[in-house]
Ligand code: ADP
């Protein structure tokens, strides 16, 4: 007899059953049940969401019906030191297109280099380097912990491994306050790279006005909300910013348009390029993996010339609801993330396996259960069983996703029948003679297989947009259904560079006064012009925050 949990989509949080408030809320709104450890096996879950990376063995034991929020080796860009190493390496190969990360030194290894760079700057003929500001950040910490600014290496307190970065001294300010942008990015596969970015996001403000004459006040210089919400002026109604320290991207866009006109449109295109280039830096180092995705938080700072700088990438972006902006942005973002991934909207079952997910179903078509779950943090054993199903349970590995799965992907090929009850064999539907940049037919087959998830979602035929999630890479898909995008970094970087050039031309040639106020047709006209320049069809979408 089936137990009741077999009728539901089960989500598992970390190793102890607790997780961020908005994630728990969204899972409950989708009618999912929280995982309860039971004697019948630890694999009775559909989605396992963990703040940190999973042990390697978990990926091997993953069933068709199971999904995890990390990809093996998907976190290399999330450590400050390895991000800087990867970007340095890409800069060496591809040149100035990778100039979006401040110069960086790794301590203790590169201490001598830092000292000589400081003295070189001090000796600079125009004297401009004598007052350069640096920022010291411990590699293994987050939320602004252990960060300090300094002008001379003598002021530096050395401790654990850290990076020292050139401080962006002239950030773009709104009403005198510094801010950075938090952008949400989902990567359902690196081989080949498929990446989506959410059109909404957050701006996080410092809560004291910015000035370089006081570099030791963290509320002027660090924009982490975990830090600023403890600041003395957090609740105060600040000039233009209001109370608190967060805005939505929509608010930022409106503020920028007023001051920068059409150039503002270009900023978002440059951010899209920066995110794609960063992901490409680690794509080759991640093995193909199925039913796994990464959900990143990219932190980007704009300087006063509107150039975007990458500050860091977070493996586990905060999903708590500290203020109204958090709820406005994160709650729909999570729902649409699960829609994008083809995870069901309501009551489904581990054991319900009738056929392929319903293609091209609207969210409106799927009723949203408002059932409230008791989701108090549960204490469960922290040991993670990593083996596959036990003897006698093997049949469960062959289950695909439950029948009510909301999938917005194109319909599956006819080979997927309701009686076969097994995810399609991707190799069956690909043209054997085509290798598109892959060394061997076998490696290409592995790639196709990783692109086809157990719920039938095929990332090599992915939708250009699901809700506000816009596919930022690949820009378009090959016309031939059977083909995969190229997996060639050089070619991918070339695509991105062509994209940025075209976006610049669009703004330059717009024929309007670029400082003119934005009219409602401008975004659409720019999108059409960009598509035309790049020779892309409807498969290409411009990523732009709402206005
Ligand atoms: P953490 O992981 O501790 O949040 P970050 O690298 O995000 O570390 O830095 C924290 C804050 O410090 C950022 O939100 C930003 O406001 C500021 N910051 C970091 N690096 C720089 C830099 N190179 N130039 C200017 N500001 C920076």
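The values are calculated or read from the model by the stated rules, or taken from the named source; none is laboratory data. All of these numbers come straight from a predicted model, not from anything done at the bench. FYI the Cβ positions are ideal-geometry reconstructions off the backbone, even for glycines, and counts take in every protein chain you see.
Observations
- Residue 73 vs. criteria touching a helix residue (DSSP H, G or I) at 6+ places or on another chain (Cβ under 9 Å), within 13 Å of the ligand (Cβ to nearest atom) and in contact (Cβ under 8 Å) with a residue 24 or more places away in the chain: no
- Check on residue 248, at pLDDT 95 or above and away from the ligand (no atom under 16 Å from the Cβ): yes
- Residue count, the stretch 149-180 (criterion: touching a residue at least 40 places away in the same chain (Cβ under 8 Å) and touching a strand residue (DSSP E or B) at 6+ places or on another chain (Cβ under 6 Å)): 15
- Figure legend. Inter-residue proximity from the stretch 136-148: first residues on the phi > 0 side of the Ramachandran plot, second residues assigned to a loop (DSSP other than H, G, I, E, B) and near the ligand (Cβ under 8 Å from one of its atoms), beta-carbon distance below 7 Å, spacing 6+ or different chains. Indicated pairs: 143/224; 144/222; 144/224.
- Top-ranked residue of the stretch 122-177 - restricted to ones that are in contact with a helix residue (DSSP H, G or I) (Cβ under 7 Å, 6 or more places away or on another chain) and part of a strand (DSSP E or B), ranked as surrounded by the fewest Cβ atoms within 10 Å (Cβ to Cβ): 174
- Any hit, the stretch 180-190, residues being under 27 Å from residue 333 (Cβ atoms), near the ligand (Cβ under 8 Å from one of its atoms) and out of contact with any helix residue (DSSP H, G or I) (no Cβ under 6 Å at 6 or more places or on another chain): yes
- Set 302, 277, 334: member being touching a residue at least 12 places away in the same chain (Cβ under 8 Å) and within 16 Å of the ligand (Cβ to nearest atom): 302
- Of everything in the stretch 206-218 that is in contact (Cβ under 8 Å) with a residue 12 or more places away in the chain and surrounded by fewer than 24 Cβ atoms within 10 Å (Cβ to Cβ), the residue that is nearest to the ligand (Cβ to nearest atom) is 218.
- When the stretch 73-92 is filtered for residues that are under 12 Å from residue 294 (Cα atoms) and surrounded by 17 or more Cβ atoms within 10 Å (Cβ to Cβ), the ones remaining, listed by number, are 74, 75, 77, 78.
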